[in-house]
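Peer 1: Right, I'll just put the structure down here and ask away after.
Every number here is computed from the coordinates shown, using simple stated rules; none is lab data. Note that the structure is a prediction, hence the values are computed from the model and not measured. Here the Cβ positions follow ideal geometry from the backbone for every residue, glycine too, while neighbour counts run over all protein chains shown.
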Amino acid sequence: MSEIYDLIILGAGPAGISAGIYAARAGLSTLWLDKQYASGGQIINTYEVDNYPGMPGMSGIDLGDAFAAHAEKLGLSPSVENVLEVEDAGAEKIVRTKKNEYRSRTLIIACGATHRKLGIPGEEELGGMGVSYCATCDGAFFKDKTAVVVGGGNTAVEDAVFLARICQKVYVVHRREELRADKILQDRLWEYENVEMVWNSIPLEIRGKDQVDGLLVKNVKTGEEQLLETDGVFIAVGILPNTEKFRDFVQLDENGYIIAGEEGVTDVSGVFAAGDIRTKALRQVVTAVSDGANAVTSVQKYLLKQN
């Protein structure tokens, strides 16, 4: 009979890594799965993490590496496998990948979220040809060129600041007349004279043949349309939880997030959720790390009750 683990962790972002660290310290027999080779989740796409205590200015990639190295030092590293489905078999939870089937007494889902798309003409067709969801990943290709950032939150402003440092011109398109980003980020953005705000506007179409050459936008107040000539369009309009595989497994809210409180407890006995994938007010690295710790504590309490 195959091994039955105490815990299976799905995902290697900050929540999953934190869960791995706490599980290793607790001496739980743990299997850790993630579909990506690089640990860190969304933070590896962040140029600079300036709000994680004690590590100001560290790049997302370096922070993700540091987190993963901590877990590895404790003897736990993620196995690179894409989870196909999960099943609640009562006292055991079954996780199936393309090659294997695993069983565990408990399960922590920490699969994070992905970038929300605009759903406009040209977005799919020009993906990788000027359309990007990660300025820190692709921004270097637009050095001394023109770029457009769509969005008004923290990520959008961070992207705009990053691009302003290397691009000749940066447009920021936002559907409202004020940004939603933290003030400290806005203040940093206003320092760049090569940034132009396009207020009260929504994107209609990304244009280009083999490469992006423009973004058509519409002013929501006047109805006037404007074509912004650009070499790249960076989309930062929010995230969607990676819960499609769990839709019939655990209870989700109206936005697709797993319903779970601070302790990570879901409606399925022995199943816990941590990080961006669960219902919560603030989705940041620091709250994801906290989630991972809380979820493992809940796992330990659950296992004690089962013995």
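Peer 1: With just the Cα atoms defining each centre, how far is the stretch 221-282 from the stretch 30-52? Give it in Å.
Peer 2: The two parts, judged by their Cα centres, are 17 Å apart.
Peer 1: Further question on the same structure: Name the GluC sites (Glu not before Pro) in the stretch 195-248 that are in a loop by DSSP and that have at most 11 other C-beta atoms within 10 Å, would you?
Peer 2: Answer by residue number: Glu224.
Peer 1: Continuing with the same structure: Connecting C-alpha atoms closer than 10 Å in a GNM of the chain, tell me which of Gly57, Gly153, Gly16 has the biggest fluctuation.
Peer 2: Highest fluctuation of the listed residues: Gly57.
Peer 1: To the nearest 0.05, how large is the calculated FRET efficiency for Asn307 and Glu196 if R₀ is 45 Å and r is the Cβ-Cβ distance? Each step should come with its number before you reach the end.
Peer 2: Values: r = 63 Å, r/R0 = 1.40.
Once the sixth-power term is evaluated, E becomes 0.10.
Peer 1: Nothing charged except the Cβ atoms of Lys and Arg (+1) and of Asp and Glu (-1): what's the magnitude of the dipole of the stretch 131-235 about its Cα centre? Round to the nearest 20 debye.
Peer 2: 160 debye
Peer 1: Next question, about the same structure. Which is farthest toward the positive dipole end of the chain among Tyr257, Ser2, Thr287, measuring Cα position about the Cα centre, with Cβ charges +1 (Lys, Arg) and -1 (Asp, Glu)?
Peer 2: Farthest along the dipole direction, towards plus: Ser2.
Peer 1: Just rank Trp32, Trp190, Trp199, fewest to most, by other beta-carbon atoms within 10 angstrom.
Peer 2: Trp190, Trp199, Trp32
Peer 1: When Lys and Arg each count +1 and Asp and Glu each count -1, what net charge do the other residues less than 14 Å away from Ser290, Cβ to Cβ, add up to?
Peer 2: -1
Peer 1: Quick check for me: using +1 on Lys/Arg Cβ and -1 on Asp/Glu Cβ, what's the dipole size of the chain about its Cα centre, in debye to the nearest 20?
Peer 2: 640 debye
Peer 1: Only bridges with both residues in the stretch 131-235 count here: give the DSSP antiparallel percent, nearest 5.
Peer 2: 45 percent
Peer 1: Taking the stretch 105-231, how much of its Cα-Cα pair set, in percent, is spaced more than 17 angstrom apart? Intermediate results must be reported in sequence, preceding the final value.
Peer 2: Values: 4684 of 8001 pairs.
For the stretch 105-231, the share of Cα pairs beyond 17 Å comes to 59 percent.
Peer 1: Could I ask something else about it? The list [x] 53; [y] 33; [z] 41 gives values of percent of Cα pairs over 29 Å apart, and only one came from this structure; which label was calculated from it?
Peer 2: Of the listed options [x] 53; [y] 33; [z] 41, [z] comes from this structure.
Peer 1: Work out how much length Ser269 to Lys245 would gain on full extension: take 0.36 nm times their residue separation and subtract the Cα-Cα distance, in nm to one decimal.
Peer 2: 6.9 nm
Peer 1: May I ask for the net charge around Val80, where only other residues with Cβ less than 9 Å from the Cβ of Val80 are counted and Lys, Arg are +1 while Asp, Glu are -1?
Peer 2: Spelling it out: positives minus negatives among the neighbours equals -1.
Peer 1: Okay, next question. What dipole magnitude, in Debye to the nearest 20, does the stretch 1-152 give about its Cα centre under +1 on Lys/Arg Cβ and -1 on Asp/Glu Cβ?
Peer 2: 160 debye
Peer 1: What nm value, rounded to one decimal, do you get for the distance between Glu177 and Arg25 when each label is placed 7 Å out toward the C-beta?
Peer 2: Taking the two extended label points, one gets 5.0 nm.
Peer 1: Another one. If you add up the charges near Arg278, with Lys and Arg at +1 and Asp and Glu at -1, over every other residue whose beta carbon is less than 13 angstrom from its beta carbon, what do you get?
Peer 2: Summing Lys and Arg as +1 and Asp and Glu as -1 gives -4.
Peer 1: Now for a different question. What FRET efficiency comes out for Glu72 versus Glu225 if R0 is 45 angstrom and r is the Cβ-Cβ distance? Round to the nearest 0.05.
Peer 2: 0.30
Peer 1: Which cysteines in the chain lack any other cysteine whose Cβ sits under 4.7 Å from their own Cβ?
Peer 2: Cys111, Cys167
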